[in-house]
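One structure is given below, encoded as structure tokens.
The values are calculated or read from the model by the stated rules, or taken from the named source; none is laboratory data. As the structure is a prediction and not an experimental result, all values here were calculated from the model. Quick reminder, even Gly has a Cβ in these numbers, built from the backbone with ideal geometry, and neighbours come from all protein chains shown. All accessible areas refer to the heavy atoms of the entire protein, side chains included, with ligands and DNA or RNA removed. Shrake-Rupley method; radii C 1.70, N 1.55, O 1.52, S 1.80 Å.
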Amino acid sequence: MSRIKVKLKEKDVLKLKEICKEFNNEPGELINVLHRSQEHFGYLPAEIQEVVAQELNISLAKVYGVVTFYSFFTMVPKGKHPISICTGTACYVRGAENVLHEFKKQLKIEVGQTTGDGKFSLSCLRCVGACGLAPVVMIGEKTYGRVSPDGVADILKEYAE
Amino acid sequence: MEKIKVKIDNHTLEVEKGTSILNAAKAAGIYIPTLCHMEMKDIGIDHKPGGCRICSVEVSGRRNLAPACATETADGMEVNTHSMRVINARRTIMEFILSDHPKDCLICPKSGDCDLQNMAIKLGIRQIPGQEFAAMSTYKTDESPSIIRDLDKCIMCRRCETMCNDLQTVGALSAFNRGFMSAVGPAFQMDIEDSPCTFCGQCVAVCPTGALTEHDHTRDVINALANPKKTVIVQTAPAVRAALGEEFGMPAGTLVTGQMVTALRELGFHYIFDTDFAADLTIMEEGTEFLDRLTKFLNGDKEVKMPILTSCCPAWVNFFEHNFPEMKDIPSTARSPQQMFGSIAKTYFADKINVKREDLVVVSIMPCLAKKYEAQRDEFKVNGNPDVDIVLSTRELARLIKQANLNLANLPESDFDHPLGESTGAAVIFGVTGGVIEAATRTAYEIYTGKSLPRISFDQLRGFEGIRAASVDLNGFELKIGIAHGLGNARKLLEDIKAGRSEFHAIEIMSCPGGCIGGGGQPLHHNNTDILKARIQAIYSEDDKKVIRKSHENPYIIKLYEEFLGKPLSHKSHELLHTNYFDRSSKIEIS
């Protein structure tokens, strides 16, 4: 721990302490605390995990272990337009992998990453309940159905400012 | 306790309710193979995650195989530990485990003493189908001065995690990531040196594979011995002599002091000395410091800090620097015996033999991995030259002896050299829990009361309990002593002090179970705490055999003070034999 220097704004630390307090600083509530923290801050960088570890009296390694185990938690900030590609069974057999590949190619990022300009981030999810539209892609709240690799460029163009 | 009847293979037996299938089978002389399981009841460890499934057995009436370590027996249960279904399943499980494990056994530091390798041999694995589909992880090898972590060899048994969190409460290690990429390590995959790790090495002591090993320094020793310009001297810690023999097939608890000295001489060391000499010196300094603080305390001095804590154990020093920095003025300022030895060797002894500091190489043989880290701390260097140059663990010494084609068992016994090889029984018991405080009490008693001890051994200070309390009568004053081994136990005593609940005047703390004899650099005990107890007996038997058993009666220590140091806590002593501690805790910085 000696060489991690945590730099947070005072109000962020207070907010985190408040979240932990909501759950009585109970170590068993770690996952709930992380959920609420990610809801508020958008992601869970090292600094946030450090404060949570101290407040709940859990080792930092354990907090990191939980954050990296559950795919819902992320240590990188999501982009302005988070892209989710459904790789559930129906979408997968209808070619979701090729669509995903095309997004990776065009954005030059891997799954779980965010573009350098902070505009797009890429993630996979399992089934949005619109299997009839497979393969499905979600950008923010907007859903795109029957996406083909050829259509990816046009979709991204919608978000060009 | 309620008894139940079970049938395991063809044995019908009665066991206590709640016994696992694994332990019930053991009672019938059937040893079900295990990999992730680790039970050491004596030190409160019962690790049975049921994760590896190697211990799978067939239970009649159940559809699936059951993990024997994590399944309780039930009345009338019938278990088959070696049906063809079980044998097949075990092989498949092993093939899966090996599918993403590196295959470089020939050059792996764990080769020959590896639980995974032994299991592959036992199960007769000859091919590993499916490895082409496995995603081999490619983690960077993390090399600290003490511990090397090669996470590609991790099989996720999570034994290290249990030792680090449950036994030691250090919290440096946790499982992270999922699937093929899962491994155990510090937060954010930082190097272990940047984590709160104390380098106690208990993770290394239980790792079943080559994922966690000591940083091997045997080559540095060979190079030093091969250099004609260097004078190479060696010191051996008390716990080494009680365990080294195990590496050569001798039963646990065999003392090999004399053979070890001969082996070191055969290897070409110029002087064979004993850390025990420095342990006697530690008692002179630490004991005097204690009596000084105690006298002030009894005279009503409000400034003086009580209790005094021992400071011999380098992992313990790391632990309080990380976790209790506000209490860093409570432990004794006395350096550990290893460092006292180095400092005296490179001043007093170097002068005596007329060798320059830079041309004198001090090698330590230690049961400990934290000693490797301690030796390279800046405060133990003079112009960049360390007081102790190279630290080898007991395991590494065994390797060196084997490379020299020597068989320890066949070597004649010989004695340590003078002047830094003479020691008392008080020094030998530094290697076991309770030993340092017993040694200190022997000397403190005689100095404080002015009387000679009626009986030298203090049985009330001995034992294997994690936390022990005892009192000693000093001329009507009841001296209260606390003892803890294992850092989790140490933490409890420290919390008591912090909360003002502690009644002790003096506390001894050792990081490893059983004390140094259970250190992270010792021959692997494979989770058998009887081995630790046998080593403890060996140490006490060496103490019993010694003619001189009190540190202040060591003639060479008396001479060292006459010729060089003056008296305990003198200016020179402070400069060479004492140290100060640092705050290494993490702080949340607010921008």
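In table form, for the structure just shown:
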| read-out | value |
| --- | --- |
| Over chain A, relative contact order from alpha-carbon pairs under 8 Å, at least 6 apart, % | 18 percent |
| Bridge type composition, the protein assembly as shown - antiparallel percent by DSSP, nearest 5 | 55 percent |
| Whole-Å semi-axes of chain B's equivalent ellipsoid (Cα gyration tensor) | 43, 28, 24 |
| Stokes-Einstein D for segment A:33-76, Kirkwood Rh over Cα pairs, 20 °C, 1.002 mPa s (µm²/s) | 211 µm²/s |
| Sparse-neighbourhood loop sites, trypsin sites (Lys or Arg not before Pro) in segment B:448-495 - DSSP loop, at most 11 other Cβ within 10 angstrom | B:Lys451, B:Arg455 |
| B:Ile121-B:Ser471 pseudo-label distance in nm [points 7 Å out on the Cα-to-Cβ vector] | 5.5 nm |
| Segment B:248-393: mean projected area of Cα convex hull, nm² | 11.5 nm² |
| Pair B:Glu358, B:Glu495: separation of 7 Å Cα→Cβ label points (nm) | 5.2 nm |
| Quarter of Cα convex hull surface for the protein assembly as shown, i.e. mean projection, nm² | 39.7 nm² |
| Reciprocal of mean inverse Cα separation for chain A (Kirkwood radius, Å) | 17.3 Å |
| Computed Rg/Rh of segment B:278-320, alpha carbon atoms with Kirkwood Rh | 1.05 |
| Long-range HN-HN contacts of B:Leu212 with modeled amide H, under 5 Å | B:Asp150 |
| Over chain B, relative contact order from alpha-carbon pairs under 8 Å, at least 6 apart, % | 16 percent |
| Compactness of segment A:81-157 - radius of gyration and Dmax, Cα, Å | 11.2, 34 |
| Distance between segment B:211-282 and segment B:139-179 - C-alpha centres, whole angstrom | 28 Å |
| Chain B - mean residue ellipticity at 222 nm from DSSP helices (-39,500 (n - 2.57) per run, n ≥ 4, rounded to 500) | -9000 deg cm²/dmol |
| Full-stretch length increase - B:Asp9, B:Leu453 - with 0.36 nm per residue and alpha-carbon distance subtracted | 154.0 nm |
| Relative contact order (%) - criterion: Cα under 8 Å, at least six apart; region: segment A:10-69 | 35 percent |
| R0 of 60 Å, Cβ-Cβ distance B:Ile87-B:Ala404: FRET efficiency to nearest 0.05 | 0.90 |
| Sequence-distant residues sharing a close amide H with B:His578 (under 5 Å, placed H) | B:Arg335 |
| Charge tally in the Cβ shell below 12 Å around B:Glu422, where Lys, Arg are +1 and Asp, Glu are -1, B:Glu422 excluded | -4 |
| Per-residue ³J(HN,Hα) for segment B:211-224, Karplus 6.51 cos²θ - 1.76 cosθ + 1.60, θ = phi - 60°, Hz, x for Gly and Pro | 5, 10, 9, 6, 6, 7, 10, 4, 5, 4, 5, 4, 5, 5 |
| FRET efficiency estimate (nearest 0.05) - Cβ-Cβ, B:Glu78 to A:Asn98, R0 60 angstrom | 0.65 |
| Rounded to 10°, Cα long-axis angle of helix B:257-267 versus longest principal axis of chain B | 90 degrees |
| Given charges at beta-carbon only (K, R positive; D, E negative), |dipole| of chain A in Debye | 240 debye |
| Gain on full stretching of the segment that runs from B:Asp46 to B:Met250 - 0.36 nm per residue minus C-alpha separation | 70.6 nm |
| Whole-Å semi-axes of the ellipsoid equivalent to segment B:413-531 (Cα gyration tensor, √5λ, descending) | 25, 24, 11 |
| For segment B:3-122, Kirkwood radius (reciprocal of mean inverse C-alpha pair distance, Å) | 15.3 Å |
| Rg over Rh [alpha-carbon atoms, Kirkwood Rh] for segment B:469-542 | 1.07 |
| Note, ³J(HN,Hα) from phi for segment B:78-86, Karplus 6.51, -1.76, 1.60, rounded to Hz, x at Gly and Pro | 10, 10, 10, 8, 9, 5, 4, 5, 5 |
| Label-point separation in nm, B:Ile588 to A:Ala160, each point 7 Å along Cα→Cβ | 4.5 nm |
| For peptides B:261-267, B:520-526, B:170-176, sequence by mean Cβ density within 10 Å, most packed first | B:170-176, B:520-526, B:261-267 |
| Placed amide H near B:Ser174: partners under 5 Å, 5+ positions off or other chain | B:Gly185 |
| Relative counts (whole %) of C-alpha pair distances in segment B:207-298, using bins that are 5 Å wide | 3, 11, 13, 16, 17, 14, 10, 7, 5, 4, 1, 0 |
| Nearest-20 debye value, the protein assembly as shown charge dipole, Cβ charges on Lys, Arg, Asp, Glu | 1460 debye |
| Nearest-20 debye value, segment A:81-157 charge dipole, Cβ charges on Lys, Arg, Asp, Glu | 40 debye |
| Cβ-Cβ FRET estimate between B:Asn385 and B:Ile548, R0 fixed at 30 Å, reported to 0.05 | 0.35 |
| Table column - 3J(HN,Hα) (Hz), segment A:68-73, Karplus curve with 6.51, -1.76, 1.60, x for Gly and Pro | 7, 7, 8, 5, 5, 7 |
| A:Lys17 accessible area, 1.4 Å probe, all protein chains in place, Å² to nearest 10 | 90 Å² |
